[in-house]
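Trainee: The following block contains the structure, expressed as structure tokens.
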Number of protein chains: 2
Amino acid sequence: MVSQKRVTARSSRVKALPIRSPGAERGEGRVQHGDRTSGRRYTACMSTGASLLGRRASIIDVAERAGVSRQTVTRAINDMPGISAATKQRVLDAARELQYRPSRFGRGLVSRGTPTLGLVVVDLTNGFWAELASAVLDEATERGWTVLIAETSHDARSAVATLLDHVDALFGLVDVPETELDELVGPTPIVLLDPKPDLRRRAWVRLDFESAMADAASHLVSKARRRIVMLDWSRSQPRSERATSFVHAVEGLGLDPLVLRHTATSEPSIDLGRLAAEEALVQWPDLDAFVCFNDPIAVGALKACQAVGRSVPADVSIIGVDGSAVGLVVTPELTTLSFDFRELARTAFSTLLASVEGSLADGGPAAHRPVRPQLVVRGSS
Amino acid sequence: MVSQKRVTARSSRVKALPIRSPGAERGEGRVQHGDRTSGRRYTACMSTGASLLGRRASIIDVAERAGVSRQTVTRAINDMPGISAATKQRVLDAARELQYRPSRFGRGLVSRGTPTLGLVVVDLTNGFWAELASAVLDEATERGWTVLIAETSHDARSAVATLLDHVDALFGLVDVPETELDELVGPTPIVLLDPKPDLRRRAWVRLDFESAMADAASHLVSKARRRIVMLDWSRSQPRSERATSFVHAVEGLGLDPLVLRHTATSEPSIDLGRLAAEEALVQWPDLDAFVCFNDPIAVGALKACQAVGRSVPADVSIIGVDGSAVGLVVTPELTTLSFDFRELARTAFSTLLASVEGSLADGGPAAHRPVRPQLVVRGSS
DNA sequence: CTGAAAGCGCTTACAG
DNA sequence: CTGAAAGCGCTTACAG
């Protein structure tokens, strides 16, 4: 091993070192120190100006400075047995002086490291994503995984691309066309969160709103609501999955399903919900309930109602989807179709593991256990 | 190079392969296939049962299957020039068949990878941390860094320990004693967010509430408030930094500073704020304003006031700290001392880079530019 | 267009 | 208690 030769050269005689082309870029900074003449000399002072990105001291530098072999450095750094206290101290001193930090790459190459999941969220300031991220972090920690998070609100493609250099698998919402997804993600295993139909050749977690929407509709009818409006949202589809379930549920009760499809390009936020609700109140003045794409939209609808003097829940009932914390902040508190985020995270993980096994066997994704939200009735309905 | 020998052995004659102890653990799964007899044979079928954690196909496996050298595989995989279309296709086919994914460790060892920041947050479902995380992700992306997030709400020590295997530096709140921090973090550069005084030997970002609290106090006095109560929170200190600034500000206006130090062990949440406010309303029945540790506590105070029929802002003014989204959801909207989270993220990064340079020079952290919140007046005051 | 060599930084046996 | 050798998986020159 060439790297070993260096140590030998130092401790015996100085001889012609092998040509090391990468060394050229570090030539600046090289320091001759005492009678040591190894071309690989690295001292703290030479690193002035080195950023986190630049060359750092390696285990060999520490070994040289402490006058021991690399294995001995490993023993000292990793608290392994079979090293004298004096030697250990000498190595640790040398390590500190050189600001030695083990390379995660060198280490990972040997130990393979802990598996890392890349979580692709749209926007952490949206409660749904924050709670999902929190749950995934918890679940991952329990399983010995690490989680890396990327936000796609600015640039989905570059966010995912960056993530891919660091992770073993992906989970989340990647809103790109099918063909682009293949190109973008390549061979990395991915579990998509509730994707559009054309992306369902990949492994995915299905959110199933059918039963919860049926519960919501029955609940509203029991409150004598008849003119129920869905404030939907979707970036690229004519209608969201949850709106479809809403239509089924309302029609099942013999009512007319009213759906406002807001064609905004912005995220499904409180502001957007307010606008959408104002629009709906004009379009259907006799409406008596809102079912909303998510909780932020529902909060916006609540604000819109309050602004025009329609009392909630006396005049208008409002139901959201998420179960995120924002629903507990408003007055009245928000009735919602609430997800168990921890269950969602668990399902994502088991789908991931199954899909890796499954795809090895037959190239197809594993069977999908759907995640179903639950109706939680609070003050707004 | 031994790994090279393998390829040679395969393409010429089968000779005694060097003893490879790690190979033992892969012996299960070894497959003899046609006339190929390399001990390193790896085919898709042998990997059934292999998890994400197990052995994967390496570049050598792909090279063997495609009948080319490793460099040629590199060229095909990385879209490099100097490779014929036919060869490239053959390599890509082999890679797909073996489900080849480049090892991030092997790659990082050569390219050093993009730098990675570990962000230590308490709880992403708290708006402050979610917005900070979002801002740090944005800032990091612009600088070409990747961000890994850990939540400390369950177990700060293990969260940080896991993170350390993956990152080049840390930023965030690590609420452990000084001595433990050294042991936990080791030589990894870290920037602490507004730490307790005993941790300030490390690099840190200072949050300075003096001017914003002075503005808040003046504002309240201009609204004829005289009995202003601070709902404070702190896990391990007698009084938070912001409460100290509050006392300075109120005393500066010749008023009596009233501070409720809630000795709860829970996080500073809406529920806690509600409890604290109820307590304060008993202790000081004539109070006419709350200044709160953060926005969730302020929202709790708002709920408490509404519950006992004290009108906000007519009877009681409420001011929070954060500027997170929750303040825009409540009615009336929350007056708050609002942070520019993007500025906070920027400051963290520049402190990090300065501290790395600085500590190389003299072992001490860089100078601290404080981050100051701004008073944003909304409906609650 | 393709391949043999050297090297990235670390750890795991093994031999003394 | 300590060190020489082999190897992890990849890329970057360099030589043909």
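The values are calculated or read from the model by the stated rules, or taken from the named source; none is laboratory data. These numbers were taken from a predicted model, which means no experiment stands behind them. Cβ placement follows ideal geometry from the backbone for every residue including glycine, while neighbour counts extend to all protein chains displayed. We work out accessible area using only protein heavy atoms, side chains counted, and drop any ligands, DNA or RNA first. Shrake-Rupley method; radii C 1.70, N 1.55, O 1.52, S 1.80 Å.
Trainee: Label points 7 Å out from Cα along the Cβ direction at residue B:158 and residue A:89: separation in nm?
Mentor: Between residue B:158 and residue A:89, the simple spin-label model gives 3.5 nm.
Trainee: Now a separate question. List the accessible area buried at the contact between B and A, summed over both sides and calculated with a 1.4 Å probe, in Å² to the nearest 100. Before the final figure, lay out the partial values.
Mentor: Working: alone 19070 and 19090 Å², together 32850 Å².
Using a 1.4 Å probe, the pair buries roughly 5300 Å².
Trainee: Please list, in order along the range B:163-176, the HN-Hα scalar couplings obtained from phi with the Karplus expression 6.51 cos²θ - 1.76 cosθ + 1.60 (θ = phi - 60°), rounded to whole Hz, x for Gly and Pro.
Mentor: 4, 4, 5, 10, 10, 9, 7, 10, 9, x, 9, 10, 8, 10
Trainee: Ordered by residue, what ³J(HN,Hα) values in Hz, to whole numbers, does the range A:244-249 give under the Karplus form 6.51 cos²θ - 1.76 cosθ + 1.60, where θ = phi - 60° and Gly and Pro are x?
Mentor: 4, 4, 4, 4, 3, 5
Trainee: At 7 angstrom along the Cα-to-beta-carbon line, where would the label on residue A:340 sit relative to the other copies? Give the distances in nm, shortest first.
Mentor: Here residue A:340 shows inter-copy label distances of 4.5 nm.
Trainee: Moving on to the next point. How crowded by other chains is B:113-123, given as the mean number of beta carbons from other chains within 10 Å of each beta carbon?
Mentor: 3
Trainee: Would you tally the net charge around residue B:142, using a Cβ to Cβ cut-off of less than 13 Å, leaving residue B:142 out, and scoring K and R as +1, D and E as -1?
Mentor: Numbers: positive: B:143, B:342, B:346; negative: A:151, A:155, B:138, B:139.
Neighbour charge sum, excluding residue B:142 itself: -1.
Trainee: Quick one: of A:303/B:196; A:196/A:223; B:223/B:303; A:196/B:303; A:196/B:88, which pairs are farther than 29 Å apart, Cα to Cα?
Mentor: Beyond 29 Å between Cα atoms: A:303/B:196; A:196/A:223; A:196/B:303; A:196/B:88.
Trainee: Shifting gears a bit: Roughly how many whole Å is it from the C-alpha centroid of the range B:150-173 to that of the range A:186-257?
Mentor: When both Cα centres are located, 37 Å separates them.
Trainee: Can you give me the long-range amide H partners of residue A:204? Hydrogens built in the peptide plane at 1.01 Å from N, cutoff under 5 Å, separation of 5 or more residues or another chain.
Mentor: A:192
Trainee: 5 Å is the cut-off here: which amide hydrogens, built 1.01 Å from N in the peptide plane, fall below it relative to residue B:267, excluding neighbours closer than 5 in sequence?
Mentor: For residue B:267, no residues qualify.
Trainee: Net charge near residue A:285: determine it from the other residues with C-beta under 14 Å of the C-beta of residue A:285, scoring Lys and Arg +1 and Asp and Glu -1. Before the final figure, lay out each step's value.
Mentor: Working: positive: A:226, A:227, A:310; negative: A:278, A:279, A:286, A:288, A:315.
Residues near residue A:285 contribute -2 overall.
Trainee: ³J(HN,Hα) across the range A:227-235 via Karplus (A = 6.51, B = -1.76, C = 1.60, θ = phi - 60°), whole Hz, x for Gly/Pro?
Mentor: Running phi through 6.51 cos²θ - 1.76 cosθ + 1.60 with θ = phi - 60° gives 10, 9, 10, 8, 8, 8, 8, 6, 7 Hz.
Trainee: Which cross-chain or sequence-distant (5 or more) residues have an amide H under 5 Å from the amide H of residue A:372, H modelled 1.01 Å from N in plane?
Mentor: Close amide H contacts, sequence-distant or interchain: A:208.
Trainee: Here's something else I'd like to know. Can you give the FRET efficiency to the nearest 0.05 for residue B:227 and residue A:173, using r as the Cβ-Cβ distance and R₀ = 35 Å?
Mentor: Numbers: r = 49 Å, r/R0 = 1.40.
Step by step, r from the Cβ atoms, then E = 0.10.
Trainee: So what's the net charge close to residue B:341: Lys and Arg +1, Asp and Glu -1, counting the other residues with Cβ under 12 Å from its Cβ?
Mentor: Values: positive: B:342, B:346; negative: B:131, B:138, B:139, B:322, B:340, B:343.
Overall, the nearby charge balance is -4.
Trainee: Taking the Cα centroid of the range B:272-345 and of the range B:70-135, what is the distance between the two, rounded to the nearest whole Å?
Mentor: A separation of 46 Å, based on Cα centres.
Trainee: Follow-up. Please report, to one decimal in angstroms, the Kirkwood hydrodynamic radius of the range A:127-189 built from all distinct Cα-Cα pairs.
Mentor: On the way: mean 1/r = 0.0793 Å⁻¹.
For the range A:127-189, inverting the mean 1/r across all distinct Cα pairs yields 12.6 Å.
Trainee: If you don't mind, another one. Kindly give the distances from residue B:374 to its copy-mates, label point to label point, with each label point 7 Å from Cα along Cα→Cβ, as nm values to one decimal ordered shortest first.
Mentor: 4.4
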